[in-house]
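Notes follow the structure.
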Amino acid sequence: MPAMNGRRRVAVIAGCRTPFSKAGTDLKDARAVDLARHAARELLERTNLDGRDVDEIVFGQVVPSALVPNVAREVSLLPQFPKEIPAYSLNRACASAAQAVSSAQDQIALGNADVAIAGGVESLSDIPILASRRLADILVEASKAKSLGARVGAFSKVRPRDLVPVSPAIAEPSTGESMGQSAEKMAKENHITREAQDRWALRSHRLAAQGTDDGRLKAEIVPWFPQRPGAAIVTEDNGIRRDTSLEQMAKLKPVFDRRYGSVTAANSSPLTDGASAVLLMGEDTARTMGYEPLAFIRSYAVAAVDPGWQLLQAPVWAVPKALERAGIQWKELGLIEIHEAFAAQVLSNLQGFAAKGWEINEDIINVMGGSIATGHPFGATGGRIVTTLANEMKRRDVQLGLLSICAQGGMGFAMVLERR
Ligand SMILES: CC(C)(COP(=O)(O)OP(=O)(O)OC[C@H]1O[C@@H](n2cnc3c(N)ncnc32)[C@H](O)[C@@H]1OP(=O)(O)O)[C@@H](O)C(=O)NCCC(=O)NCCS
């Protein structure tokens, strides 16, 4: 199959990731940049690639550290790479790593690069804590003061409440609505019951546990060696709950609408730390260098809806766009990966697909669970999904696979992979 629009076809060669750990747990001592570097270094090792062959590095991150604003460049400054590899970081919210993959694929398709590493990272244990606006103004005033008296005068205006730190919110800047509140709204408007959400969450945990135990997910995970004395090596995602049941989940109180809500800690993805990295090559480059592709990128598309409507429903527009660009139909898909921000969102997305007359075959959707169980480091999730989808397409010899990701800002991302 020739590349779309006659452009060069781009191969997914391999991918890997750190374990995904609930924020404040196994990876709490790691900086985001350390996690991103760890995933990229291991990708080189696993593929036996010489760092000098890499032309570009792109990483996604949603909440960057104030000290490392361009995490991709710090990855490219690993000793394994020459210093001359250009690198940039981007933010397409929860679809950031998927966007990194598609941005890198564009460069390869256009002939501007032959080999690229694309990935993403998030550490919600390592978030920038901001000063209040008043304190920031006072600090600026003090730094400009021309005398000691003026400086003391500026500092004398500080009130205790100005010292309260401000942390980044997981809320829409345009509406003030949090992701959880949006999921709650979607559950109500689309009539998604609490039981249906809990069932989807349970399924996610069961399938992720299976995928871990049979080695499929573990094969994608790069063990992490914590620096804390006595801390065990981290080899698995720690959000997967083998002990959970519908009865236990039913006991939990809703989080975002305590009175009438249905979205709980069990049917939401947890706040998570982790990084992922994917190796991409032009089809011809892969052949010349002797790499066997897992899959090829056939198309991708992004769509957006009004964030004040159903914030996480844009995949319902992104997916048909990606299918159309690929020139294929939903029924031809052999595997589907849908990012699970919340069970209410997955079920709303599926409802939107079903309304198009598309048959929903759960046997081919999220076959190793999804973000509810494995966790969701915002910037990194897309890399996990591309890797898992491509590996499973190879295992099952599936020709066409789809991934879809909902993202902050009312955006949706979709990508079609093909095997041959
Ligand atoms: C929902 C959310 C607020 C829950 O956070 P939390 O309260 O720290 O979650 P916890 O993991 O501590 O779980 C709360 C309780 O539920 C229990 N629980 C969670 N999942 C469970 C499950 N599957 N089965 C049984 N119990 C479960 C926990 O054991 C815990 O119980 P405890 O209080 O007795 O210890 C948080 O995960 C969140 O904000 N998620 C959404 C993230 C988001 O917006 N992402 C953006 C997506 S685009």
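The values are calculated or read from the model by the stated rules, or taken from the named source; none is laboratory data. It should be emphasised that the depicted structure is a prediction, and the values quoted were computed from it without experimental measurement. All Cβ positions, even for glycine, are placed from backbone atoms using ideal geometry, and neighbour counts span all protein chains on display. These area figures cover heavy atoms from the full protein model, side chains too; ligands, DNA and RNA do not enter into them. Shrake-Rupley method; radii C 1.70, N 1.55, O 1.52, S 1.80 Å.
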For this session: Label region 188-247 by shape, choosing from rounded, prolate and oblate, from the square roots a ≥ b ≥ c of the eigenvalues of the Cα gyration tensor; if a/c is under 1.5 it is rounded, and otherwise prolate applies when a/b is larger than b/c, oblate when it is not.
Result: prolate
Problem set entry | Linear extension gain, ASP106 paired with LEU78, 0.36 nm per residue minus alpha-carbon span | 7.7 nm
Exercise. Ignoring ligands, DNA and RNA, what percent of the 1.4 Å accessible area of the chain is carbon and sulfur?
Worked result: 53
Exercise. Quick one: length gained pulling ILE360 to SER245 fully straight, 0.36 nm per residue minus the C-alpha distance?
Worked result: 39.0 nm
Problem set entry | 1.4 Å probe accessible area per residue over region 348-392, in Å² | 24
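Report the charge-dipole magnitude of region 79-182 in Debye, nearest 20, computed about the Cα centre from +1 at each Lys and Arg Cβ and -1 at each Asp and Glu Cβ.
840
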For this session: Would you list, by chain and number, the lysines whose Cα falls below 28 Å from the Cα of LYS394, excluding same-chain residues fewer than 8 positions away?
Result: LYS218, LYS321, LYS331
For this session: Express in Å², to the nearest 10, the accessible area of LYS188 obtained by rolling a 1.4 Å probe over the protein heavy atoms while all chains stay in place.
Result: 90
Exercise. How long, wide and thick is region 123-199, going by the Cα atoms along their three principal axes, in whole angstroms, largest first?
Worked result: 65, 25, 19
For this session: Could you calculate, for region 76-131, the ratio of the Cα radius of gyration to the Kirkwood radius, expressed as Rg to Rh?
Result: 1.05
For this session: Calculate the dipole size of the chain relative to its Cα centre from +1 charges on Lys and Arg beta carbons and -1 charges on Asp and Glu beta carbons; express the result in debye to the nearest 20.
Result: 980
For this session: Relative to the compact-globule scaling 2.2 N^0.38 Å, provide the ratio for the alpha-carbon radius of gyration of region 283-420.
Result: 1.03
Problem set entry | Cα-based equivalent ellipsoid, region 198-310: semi-axes from gyration tensor eigenvalues, Å | 34, 24, 15
For this session: Over every pair of different alpha-carbon atoms in region 7-58, take the mean of 1/r and invert it; report that Kirkwood radius in Å.
Result: 13.0
Exercise. In a shell of Cβ-Cβ distance under 14 Å around ASN349, excluding ASN349 itself, what net charge do Lys and Arg (+1) and Asp and Glu (-1) give?
Worked result: -3
Exercise. So for the chain, Kirkwood radius off the Cα pairs, Stokes-Einstein at 37 °C and 0.692 mPa s: how many µm² s⁻¹?
Worked result: 149
Exercise. What is the Cα centroid distance between region 353-418 and region 9-44, reported in whole angstrom?
Worked result: 19
Problem set entry | Average accessible surface area per residue within region 1-60, 1.4 Å rolling probe, Å² | 40
Exercise. Mind checking the alpha-carbon convex hull of region 1-154 and giving the volume per residue in Å³?
Worked result: 175
Problem set entry | Mean Cβ count within 10 Å, highest first, over the residues of peptides 106-118, 363-375, 246-258 | 363-375, 106-118, 246-258
Problem set entry | Per residue accessible area in Å² of region 170-236, where ligands, DNA and RNA are left out and the probe is 1.4 Å | 49
For this session: Once you have all Cα-Cα distances for region 68-163, histogram them in 5 Å bins from zero and send the whole-percent values.
Result: 2, 11, 14, 14, 11, 8, 8, 10, 10, 7, 4, 2, 0
Problem set entry | Expected 222 nm ellipticity per residue - DSSP helices of 4 or more, -39500 (n - 2.57), all of the chain, to 500 | -10500 deg cm²/dmol
Exercise. Among the listed pairs LYS188/LYS253; LYS185/LYS253; LYS28/LYS144, which are separated by more than 28 Å between their Cα atoms?
Worked result: LYS28/LYS144
